[in-house]
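**Student:** Okay, handing you the structure first.
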């Protein structure tokens, strides 16, 4: 761990965060709004990477955890009018419980079956939102009365701070002995088990941590948007974007996932003039990265550094 | 009356589901590939058939053939442009290839979906039915095209069974699904086996897509749900088990029809999802799965 604080990666990240935190001084509110969403999205991608890159579990339903966190926070606020902070904590707690419930039986099944269970969870949540439209606002979306703040600078700093802290915790966890055990159990579960590590317990812990950050980020995002809808926090397309972001940035790097998410959102915005082709171009680029640079952005950079 | 209606409609829907899922499970059984661009290929076939018949006025049969041809081309493109490069890549560790194939085909499917939306808009399209008119079966007014759909599905499934179990090529395919290394030792090129399987898959997916386009209509929004339903049917039946997915398709098809008629069309997919969750917990390998 100590060596990390002397590594080049640390100084680059530190520099990036410092530059990012001064951005509100000289860019427009529009760019800030874009980056605010991108940072929350980055946390989604990082928590997904913890599960996929380290625990080796393909979670096709990151939006299940995100959606539970987002909707719980939104509903509590809309129904009972509690302060946003309590709602956000409740949202994160609900996501942790949802993650636990999903993980406990799902970890019994492997590979594609696990992927399907998580996919089904998303579809169920989506149906739930539509069926209980009185509570959730249905397909139109839930309007949330409160916001944390309407100041775009403050929102930006909250998002940046949240992403930085999450990144530090998730990266630290991934590099810690727990992260190594996770990585071992993801690559060869039998051998890791034979070495005396309780794989199920580790994977469950990874799931809970991933759920916590997904839910927290989802809840924060909802209070930023002022609305929760299936299209923004639950839809499979959103989950696909999270996965693409993590793979694009480089799996098993955690920090790369955030990079990929920011790239994805900013690229989507730059491609807006191309209209409906924007998603096509982003997917095509992602496919090319998957085919030719399977390590992703950060993976390619790190392996070059390691070779030198 | 209602019972007959459910029986007839349920049969047509189930047969269609079976046809759609069959190719999907065959590919998994033989090469271990889960093709998440499945829904996109089906929709591409339906939209091609629609465009040929309604825009270029080629006639319904030619339109359907064009649709199937498009699916066949897409299927080969998926294999050669996405699946094979990942399988042959030396930079991707073997144990992660499955996940990369999933991600790759998912992205590929989104690309196809977006192209369809770009060139043909998001509007729902109904392919002109091959046979028009309505018949009365025991008091239920049934479109003749629905009967045609069910018959075609059953015939094609029977043909597939004959192909796999009674022909030399089919037996090689079957053997490859049991033991790929054994097949190569007997002097068969695995790549050519895969090409045969992807060809079969293309035809099946194309046919299912075109029939679906006639029966229910499709739009680029149906890509995700179609992939998900094929995926759940195949998992319910047992990954790689063709007869398992046949049974599962009928279970899901009838469950959905029952829910739509007796409870509420909006809840159509929920019971099937619940059943899937229950099966996953009690019997993760599916109804007839081997592993």
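Throughout, read-outs are computed from the coordinates displayed, never taken from laboratory work. Note that the coordinates shown come from a computational prediction; the quantities given were computed from them, not determined experimentally. Heads up, the Cβs are rebuilt from the backbone with ideal geometry, glycines too, and the neighbour counts pull from every protein chain shown.
**Student:** When you count, for each residue, the other Cβ atoms within 10 Å and take the mean per peptide, how do B:274-280, B:27-33 rank with the highest first? Numbers along the way, then the final one.
**Tutor:** Numbers: B:274-280: 17.9, B:27-33: 23.1.
Per-residue mean Cβ counts within 10 Å order the peptides as B:27-33, B:274-280.
**Student:** For peptide A:9-17, how many partner chain Cβ atoms fall within 10 Å of a residue's Cβ, on average?
**Tutor:** Values: counts 0, 0, 0, 0, 0, 0, 0, 0, 0.
Other-chain Cβ atoms within 10 Å of each residue's Cβ, averaged: 0.
**Student:** For the protein assembly as shown, what is the calculated [θ] at 222 nm in deg cm²/dmol (nearest 500), taking -39500 (n - 2.57) for each run of four or more DSSP H residues and dividing by its residue count? Could you put the intermediate results ahead of the total?
**Tutor:** Values: 26 runs with 434 residues, N = 599.
Rounded to the nearest 500, the figure is -24000 deg cm²/dmol.
**Student:** Continuing with the same structure: Using C-alpha positions alone, give me the convex hull volume of chain B per residue in cubic angstrom. Please list the in-between numbers first.
**Tutor:** Working: hull volume 38.2 nm³, N = 291.
Enclosed volume per residue, from the Cα hull, is 131 Å³.
**Student:** For each of B:235, A:43, A:96, count neighbouring Cβ atoms within 10 Å of the residue's Cβ, then give the residues from fewest to most. Walk me through the intermediate numbers first.
**Tutor:** Details: B:235 32, A:43 28, A:96 23.
Fewest-to-most ranking of B:235, A:43, A:96: A:96, A:43, B:235.
**Student:** Can you give me the Rg/Rh ratio for region B:222-291, using Cα atoms for both radii and the Kirkwood formula for Rh?
**Tutor:** Numbers: Rg = 11.9 Å, Rh = 12.1 Å.
For region B:222-291, the value is 0.98.
**Student:** When ranked by the protection proxy of mean other Cβ atoms within 10 Å per residue, highest first, what sequence do the peptides B:131-142, A:30-41, B:219-230 form?
**Tutor:** Values: B:131-142: 11.2, A:30-41: 20.2, B:219-230: 22.1.
Result, highest mean first: B:219-230, A:30-41, B:131-142.
**Student:** Same structure again: Using a ≥ b ≥ c from the Cα gyration tensor of region A:1-107 (square roots of the eigenvalues), is it rounded, prolate or oblate, where a/c under 1.5 gives rounded and otherwise the larger of a/b and b/c decides, a/b for prolate?
**Tutor:** Values: a/c = 2.36, a/b = 1.22, b/c = 1.93.
Cα axes put region A:1-107 in the oblate bin.
**Student:** Which angle between 0 and 90 degrees, to the nearest 10, do you get for helix B:144-166 versus the longest principal axis of chain B when only C-alpha atoms count?
**Tutor:** 20
**Student:** Mind checking the angle between helix B:168-178 and chain B's longest principal axis? C-alpha axes, 0 to 90 degrees, to the nearest 10.
**Tutor:** Roughly 70 degrees between the two axes.
**Student:** If each residue's Cβ is checked for other Cβ atoms within 10 Å, how do A:87, B:154 rank with the fewest at the top? Spell out each step's value before the answer.
**Tutor:** Numbers: A:87 24, B:154 14.
Ranked by crowding around the Cβ, least crowded first: B:154, A:87.
**Student:** Assuming R0 = 25 Å, can you tell me the calculated FRET efficiency for the pair residue A:237 and residue A:31, based on Cβ-Cβ distance, to the nearest 0.05? Provide the component values of the computation, followed by the final result.
**Tutor:** Numbers: r = 24 Å, r/R0 = 0.96.
The formula returns an efficiency of 0.55 here.
**Student:** Taking square-rooted eigenvalues a ≥ b ≥ c of the alpha carbon gyration tensor, is region A:6-51 rounded, prolate or oblate, where a/c under 1.5 means rounded and, failing that, a/b exceeding b/c means prolate?
**Tutor:** Working: a/c = 4.92, a/b = 1.18, b/c = 4.18.
Oblate.
**Student:** Over chain B, what is the mean sequence separation of C-alpha contacts under 8 Å (at least six apart), divided by residue count, expressed as relative contact order in percent?
**Tutor:** Details: 464 pairs, mean separation 100.3, N = 291.
Once divided by the residue count of chain B, the mean separation gives 34 percent.
**Student:** Report, in degrees rounded to the nearest 10, the 0 to 90 angle that the Cα long axis of helix B:38-50 makes with the longest principal axis of chain B.
**Tutor:** That helix lies at roughly 50 degrees to the long axis.
**Student:** Let me ask something else about it. What is region B:169-208 by shape, rounded, prolate or oblate, if you read a ≥ b ≥ c off the alpha carbon gyration tensor as root eigenvalues and call it rounded for a/c under 1.5, prolate for a/b larger than b/c, and oblate otherwise? Please report the intermediate quantities before stating the final value.
**Tutor:** On the way: a/c = 3.29, a/b = 2.45, b/c = 1.34.
Prolate.
**Student:** From other protein chains only, count the Cβ atoms within 10 Å of every residue's Cβ in B:101-109, then give the mean. Could the numbers behind the result be given before it?
**Tutor:** Numbers: counts 1, 6, 13, 6, 1, 9, 14, 4, 2.
The per-residue average across the peptide is 6.
**Student:** Per residue of B:115-126, what is the mean number of Cβ atoms on other protein chains within 10 angstrom of that residue's Cβ?
**Tutor:** The per-residue average across the peptide is 1.
**Student:** Additional query: For region B:63-100 and region B:234-260, write down the distance between their C-alpha centroids in whole Å.
**Tutor:** A separation of 25 Å, based on Cα centres.
**Student:** Averaging sequence separations of C-alpha pairs under 8 Å and six or more residues apart, then dividing by the length of chain A, give the relative contact order as a whole percent. Mind dumping the intermediate values first?
**Tutor:** On the way: 489 pairs, mean separation 94.9, N = 308.
Averaging sequence separation for qualifying contacts and normalising by length gives 31 percent for chain A.
**Student:** Moving on. Rounded to a whole number, what is D in µm²/s for the protein assembly as shown from Stokes-Einstein with the Kirkwood radius over alpha-carbon pairs (4 °C, 1.567 mPa s)?
**Tutor:** On the way: Rh = 25.1 Å.
My calculation gives 52 µm²/s for D.
**Student:** Most exposed first by the Cβ proxy, i.e. fewest other Cβ within 10 Å, how do A:212, B:231, A:128 rank?
**Tutor:** Values: A:212 20, B:231 26, A:128 16.
In increasing order of surrounding Cβ atoms, one gets A:128, A:212, B:231.
**Student:** Within 10 Å, count the other beta carbons around each residue, average over each peptide in A:160-171, B:239-250, B:81-92, A:65-76, and list them highest first. Could the numbers behind the result be given before it?
**Tutor:** Numbers: A:160-171: 18.8, B:239-250: 23.6, B:81-92: 16.5, A:65-76: 29.7.
Final packing ranking: A:65-76, B:239-250, A:160-171, B:81-92.
**Student:** Here's another thing I want to ask about it. Do you know the relative contact order of region B:97-208, to the nearest whole percent, from alpha carbon pairs under 8 angstrom that are 6+ apart? Don't skip to the answer; put the middle values down first.
**Tutor:** Details: 44 pairs, mean separation 11.6, N = 112.
Relative contact order of region B:97-208: 10 percent.
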